[in-house]
Structures are given as structure tokens and as C-alpha cells.
Amino acid sequence: MAARLLDGTAVALQIRREVAPAVAAFTERAGRPPGLGIVLVGEDPASEIYVRAKLKSAADEGLRADLHRVPATASLADVLGLVAQLNESDAHDGILVQSPLPAPMGEDAERRVFDLVRPDKDVDGFHPINVGRLVQNRATLRSCTPAGVMEMLKRSDIAVAGRRAVVIGRSDIVGKPMALLLLHHHATVTICHSRTVDLPAVAATADILVTAIGRPGFVTPAFVKPGATVIDVGTTQVSDRAIVERLFPTGSKRREVFERRGSLVVGDVHPDVAQVAGALSPVPGGVGPLTIAMLLKNTLAAAELRAGANG
Ligand code: NAP
């Protein structure tokens, strides 16, 4: 039987519909909308798409979002200087620095930038203070993608408490916070990574399997317990025809998209998993829209917190 499809676009819309009146109420009270400053360094094509989507979604729900572009040739000091300005700005409640930063800025560039963002404006939830609060289950600004996954589970009536969850991927921005949120919702959590031995067997113990590694079609039916919920966070822009042909049959919708555009966004989950899983989040249209909805929610929360702290 085919898995129930978890419609991230619909859940995101629900969240955005809840955020919009609260944004209007804040604007009325504060005399200004909640403000989000987005910093984009360089011209990475995927980042351009994500940033455009974030700007549009924020504007659609009544927030003020502005884009601060920095050329790829700029120095790390320039980026840090811009973040310092946004930290001081009264009009900005949230700051988001789009990842990845250009490689020449150095390996620890992102960490240095995220460390500088004021914790109360850190709408990505990446600052060590917010990560520490997350560990203690008292975070107000939680990392958007994992928080979006939890909303998807909750609003799709998928129970978490007492169930076995496996997270594949241990990054600071997805895997680790995802595991912590599942833990705080009383799942029994295992985290897997590139050194995990017999990954398919470990993954197949999961009632809820979340994959966030960025390897197209990596998670095959062998990784999935029949009836399990599978959440696909992975998004990889694929232009290699051989990969697309391996995953999607001729005549399928995804193949048509590839033929038209010459590339395709592909998740970590192999399409055959739909025959084994009980519920499955698609790519695209799964976790992506939720990440943006949670960003808007976090920006509103940051604005309300700052307004409360200032008055
Ligand atoms: P990342 O920092 O590159 O981390 C990838 C993780 O995957 C690492 O922990 C790595 O293990 C693990 N991994 C890689 N290959 C593996 C393998 N063969 N077997 C087991 N584990 C493996 O990536 P990220 O930032 O967490 O992002 C992960 C994916 O999510 C990407 O596709 C990204 O585009 C996507 N993403 C989507 C959204 C959204 O809104 N939909 C948001 C954020 C990220 P090691 O630690 O052992 O190296």
C-alpha cells in the first residue's frame, strides 16, 4: 500500500494563517511590523531561491523583511560588520545569515557569524546560547527545520511519545536539534551518521525515521520498517542525468520536470520507500515550506520578546 503523503505545503499554510493575525496585532501595538534582516553573501543559485522564498513569504504575512547582499569577494570582517549593525538596529527583530557562506571565507566562518548574532534576534536558533536552551528544553527560538518537522508530525496526528525515532545526520543545524526535539517529545532517539555500522538495520528499528544527509535516494526500502513515518529533510539539486534516471522512471512527473529544467531537487529518500512507509514527507513540498513558516513564527516570537523586554 502506498504511504500517506505528508503535505508540508498545506501544514505550512496553516501555520502562516495563524501567524498573520498575530503579526497584524503586533504591528498595531508596536507601530511597526516585525522585522527580519536577511544577509546573503555571494550568488549561490540555491541560496538565491531560498532567500527569495523567505522574502516573499515574510511580505505575504505582513512582516518587514529586507535583503542585505554582500559580494562573494567581501571579507569575513565585512559580514561580521553587517551582522553587528543589524544587531543594533531597532527595526530588525530577527537576523538570518543564509548558509552556506562562500568557501574562501574559511571553515569556521559560519560559526563566527552565527556566534555574533544576538541570541534574542537569532531566528535560526543557531547561536550557542539558543542551542544550550534547546538542550535544556527551554528554547524560545528553535532551529526552523527541526521545529517544522515537529509541527508536521503534530498536525498530521503522528504520535511521538514512547516511539522509536532514528535521525540520520548529526549536523548542528538539522540532525542534532532534530534529535533533541524528538527527545523532548518523549521519543527514544538514535542518531546515525557516516560512521554508523549497518545503518539500514538501525534505521529499520524506527517508528519515525528522519533523514537529513543530502544524498539523493540514499534511504531505500531496506532502511524502513513497514508502516513507519519517514521524514525527508534532504534536498539536493541534481543535474546528473544518471542519478535522475536511476530514481525516476521514464514518463514519471519528476522525470518530466528534469527534462524541462535540466535539474531536479531530490530528497534523501528513494521513491520506492512510498511502498513500505506508512507516512512520507515528499521532496519538494514536504519540510521545505515548513522551514519558512517556522522562520516567520520565530521572527514574530523574537519581535514579541524584544517588545516585552523593552517595555
Ligand atoms: P551537513 O552539515 O552536510 O550534514 C550532513 C550529515 O549527514 C552529517 O552528519 C553526515 O555525517 C551525514 N552523512 C553524510 N553522508 C552520510 C552517509 N552516507 N551515511 C550516513 N550519514 C551521512 O548537512 P545539513 O546542513 O544537516 O543538511 C542535510 C540535508 O538537509 C541537505 O540535503 C540540506 O540541503 C537539507 N536541508 C534542508 C532544509 C529544508 O528546509 N528542507 C533545511 C536545511 C537543510 P558525518 O557527521 O559523519 O559526516
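For K54, only one of the following conditions fails: (1) part of a helix (DSSP H, G or I); (2) crowded, with 19+ Cβ neighbours inside 10 Å; (3) free of Cβ contacts under 8 Å to residues at least 60 places away in the same chain; (4) not aliphatic (A, V, I, L, M). What is its number?
Single failed check for K54: (3).
So which residues in the range 262-290 are in a helix (DSSP H, G or I), more than 9 Å from the ligand (Cβ to nearest atom) and either open to solvent by less than 30 Å² (accessible area, probe 1.4 Å) or modelled with pLDDT under 95 (or both)?
V273, A274
What is the number of the single condition among (1) within 23 Å of N298 (Cα to Cα); (2) free of Cβ contacts under 8 Å to residues at least 12 places away in the same chain that R195 does not meet?
(1)
Can you find, within the range 165-188, the residue that is farthest from the ligand (Cβ to nearest atom) among those that are touching a strand residue (DSSP E or B) at 6+ places or on another chain (Cβ under 6 Å) and in a loop (DSSP other than H, G, I, E, B)?
A187
Looking only at the range 198-210, decide whether some residue is near the ligand (Cβ under 9 Å from one of its atoms) and open to solvent by 30 Å² or more (accessible area, probe 1.4 Å).
Checked against the condition, which is being near the ligand (Cβ under 9 Å from one of its atoms) and open to solvent by 30 Å² or more (accessible area, probe 1.4 Å), the range 198-210 yields no hits at all.
Please pick out the residue among G251, G234 that is open to solvent by 10 Å² or more (accessible area, probe 1.4 Å) and either in contact with a strand residue (DSSP E or B) (Cβ under 7 Å, 6 or more places away or on another chain) or away from the ligand (no atom under 14 Å from the Cβ) (or both).
So the residue among G251, G234 that is open to solvent by 10 Å² or more (accessible area, probe 1.4 Å) and either in contact with a strand residue (DSSP E or B) (Cβ under 7 Å, 6 or more places away or on another chain) or away from the ligand (no atom under 14 Å from the Cβ) (or both) is G251.
Going by the structure shown, is A293 within 28 Å of R138 (Cβ to Cβ), modelled with pLDDT under 95 and hydrophobic (A, V, I, L, M, F, W, C)?
no
Mind counting the residues in the range 237-248 that are open to solvent by 70 Å² or more (accessible area, probe 1.4 Å) and assigned to a strand (DSSP E or B)?
Residues in the range 237-248 being open to solvent by 70 Å² or more (accessible area, probe 1.4 Å) and assigned to a strand (DSSP E or B): 1 in total.
The values are calculated or read from the model by the stated rules, or taken from the named source; none is laboratory data. Bear in mind that the values here come from a model prediction, so they are computed numbers and not experimental data. No Cβ is skipped: glycine too gets one built from the backbone with ideal geometry, and neighbour counts run over all protein chains shown. In case anyone asks, the SASA skips ligands and DNA or RNA and just uses the protein heavy atoms, side chains included. Shrake-Rupley method; radii C 1.70, N 1.55, O 1.52, S 1.80 Å.
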